[in-house]
1. Looking only at residues that are crowded, with 24+ Cβ neighbours inside 10 Å and among the β-branched types (V, I, T) in segment 363-387, which one is farthest from P433 (Cα to Cα)?
2. For segment 431-473, which positions are outside any helix (DSSP H, G or I) and either in contact with a His (Cβ under 6 Å, 6 or more places away or on another chain) or over 26 Å from T368 (Cα atoms) (or both)?
3. Could we say that N34 is out of contact with any Gly (no Cβ under 8 Å at 6 or more places or on another chain), of a type in the set (S, T, N, Q) and closer than 30 Å to A424 by Cα here?
4. What single numbered condition from (1) open to solvent by 20 Å² or more (accessible area, probe 1.4 Å); (2) more than 30 Å from E430 (Cα to Cα); (3) in a loop (DSSP other than H, G, I, E, B) fails to hold for G19?
5. Can you tell me which condition E464 does not meet? The list is (1) more than 30 Å from L348 (Cβ to Cβ); (2) charged (D, E, K, R); (3) out of contact with any helix residue (DSSP H, G or I) (no Cβ under 8 Å at 6 or more places or on another chain), and all the others hold.
6. Under 6 Å by Cβ, and 6 or more places apart or on different chains, what pairs join a residue from segment 401-430 that is more than 30 Å from R47 (Cβ to Cβ) and in a helix (DSSP H, G or I) with one that is of a type in the set (G, A, S) and at pLDDT 85 or above?
7. If a residue has to be in a helix (DSSP H, G or I) and surrounded by 13 or more Cβ atoms within 10 Å (Cβ to Cβ) to count, how many in segment 388-400 make the cut?
8. Among the helices (runs of 4 or more DSSP H) lying completely within segment 31-142, list those that include at least 2 residues that are exposed (fewer than 14 other Cβ atoms within 10 Å of the Cβ), under 35 Å from the mean Cα position of the chain (by Cα) and among the β-branched types (V, I, T).
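The values are calculated or read from the model by the stated rules, or taken from the named source; none is laboratory data. Because the structure is predicted, anything quoted here is derived from the model rather than measured. In this analysis, Cβ positions are derived from the backbone assuming ideal geometry, glycine residues included, and neighbour counts consider all displayed protein chains. Remember, those area values only see protein heavy atoms, side chains included, never the ligands or the DNA or RNA. Shrake-Rupley method; radii C 1.70, N 1.55, O 1.52, S 1.80 Å.
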Amino acid sequence: MPPMFRLDPYEPCVHEPGGVYCTFELKLVADGPNELMDMIQKYSAHREMHYNHSRLHRGICVTKTCKDHLSQNTSADLKLVLEGCLNDTLWKQYKLKNKVSSDVLCNDLDHKLDIDYGDIAVAIICLSIILLNIVGSCYDFFLVPNKEIKGNRFLLCFSIKYNWKKLVAPPADGPEARLKRFKGFNGLRTISIIIVIMEHSLLPLVVSSQNPHNFERKYYNMICHIFIDGALVVQTFFLMSGCLLSYNLELIAEKRKITWSTVGVEVKDCRRDGWLNLLYLNNYIDESQCMPQTWYIASDMQLYVLGLIILVLATTMTARKIILSLLFVIALIIPPIHTYFQKLDAGLVISPELVRDYFVKDPTFNHTYKRGHTNLACYIMGLSLGILIYYLQKRDFKVEGFQKCKFLYWATLPAMLIVLPSGAFFYFYEEVPIYYKAIYSGLAKPVFGSIIMVIVLGMAFKYENTYRGILEWKGWSSPARVSYCAYILHVLFVRTLTGSRTTLMHVSIAHTLLVSFGTVVITYVVAYPFYLFVEAPSVGLSKLILPVGKEAARAEVEASKRDRMPA
């Protein structure tokens, strides 16, 4: 088969006088019956494990490789030039032709970006953030003396020194001691984020692989499916979010009555769809390349609002049991209905073609993976878990009587390692009855969520010290606080690594791990200053502006004031 990826040398091309380098995708076509084309289509039909080998990616030095066709074509249609240029080789070697199937992106040394008002607005915002952080930090360092003084809370929001103290503070350091039961969430959150980043870092390996067949062979290795099928890990966040919401509302209810409170294609899509991210509705818009990873943030917000409505309106334990039980049953049914009637995959199948398009064109990703209502089950489980922990704690629940069952608790990790790659069955067998897929789509998320529930319950009541000791390690607290920034930023580096490749890479286990861990390290190195300059000031300002946050803001300032006083 023709090689899927081929790149001409980039630097020599653009450094030549008038040199133009273009990247694009092309589709193989045949004029008539063609044995090779039939074989390519048959091989590519196994999409769960194989690339679409009729969809090729090329990087061409047009002024060198296609010099003859460029001089012969007088219509100035670059697509016709590229098709004619590549048809010569494809016809001689394979008796095939091509059609350019994407936009042609070209670059040269003289290429200049068009700067518009949107770019200027973003530049002004970035400069304003930097300036505010400089002013706030100088104010905190030089103008706030080491004595009991209130200080300007607005400026302190932008103090790097002030925000750094919050970043490195001990876990669960706050006025409510009972929240220390959830210290292990720092470990769960950080480990889960790292797994998500590593999974997403497959993109540059998929789209610039020198040996795509070697990459395809990884799908036949069950150990690799623990990494490939890591999509279920995201359910950990939904469960933790629901658990913390219900537990915190129970704590608030003790004091007062609960009432209402208050890059190319990517650039084009963000200009068109970016406003939907502000409204937390972007997970219901399909095939947009504008920060596709933020589907989780939108889903979490939607489920948070639903959870808040349930817990505010259902004030009695009986009402909550009935509503949560009914919603859980509905949540179990929703994914199978989508899967059965829309003929979807059992779960998110991380195929090579899916990764090439960064998931956004996959029907399963769009209809059952990223929607808020299809992730309801684990959120309901989290809400129930938070309520359960609160009332067991009030009744002074003791775990000493369950020590004989520790082996079952320790079995949660092996069980997790079994559940994660369980979807590999649907990679190996193409003709699986749709009702099997529907059943799996309804059970996979809650089964994985049940394992996380058991782990959290054991941590909350200090059932054992092995898993709890690892997840409650103090070293997790700082990276856990920047996990939101890391989640938002990591795709930027994945896309940058992908777009900046000028050569193909050899895919091996060692190289895959190198790229994955390298992406994690780079993401966190940038996430820390992003937290200090953007997230922490934003959270501080929200506490000052919103009524529900003013009490917390005053408490933080008092704590900071005590820190500045001499011992």
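1. I380
2. F461, K462, Y463, E464, N465, E472, W473
3. Judged against the criteria, N34 is not a match.
4. Result: G19 passes all but (1).
5. Condition not satisfied by E464: (3).
6. Once the first residue is more than 30 Å from R47 (Cβ to Cβ) and in a helix (DSSP H, G or I) and sits in segment 401-430, its partners that are of a type in the set (G, A, S) and at pLDDT 85 or above give Y409/G458.
7. Start the filter on segment 388-400 by keeping residues that are in a helix (DSSP H, G or I), which leaves 388-394, 400.
Add one more test, that the residue is surrounded by 13 or more Cβ atoms within 10 Å (Cβ to Cβ), and what stays is 388-390, 392-393.
Residues in segment 388-400 being in a helix (DSSP H, G or I) and surrounded by 13 or more Cβ atoms within 10 Å (Cβ to Cβ): 5 in total.
8. Numbers: elements: 35-44, 62-65, 67-72, 78-94, 117-138.
The qualifying helices (runs of 4 or more DSSP H) are 117-138.
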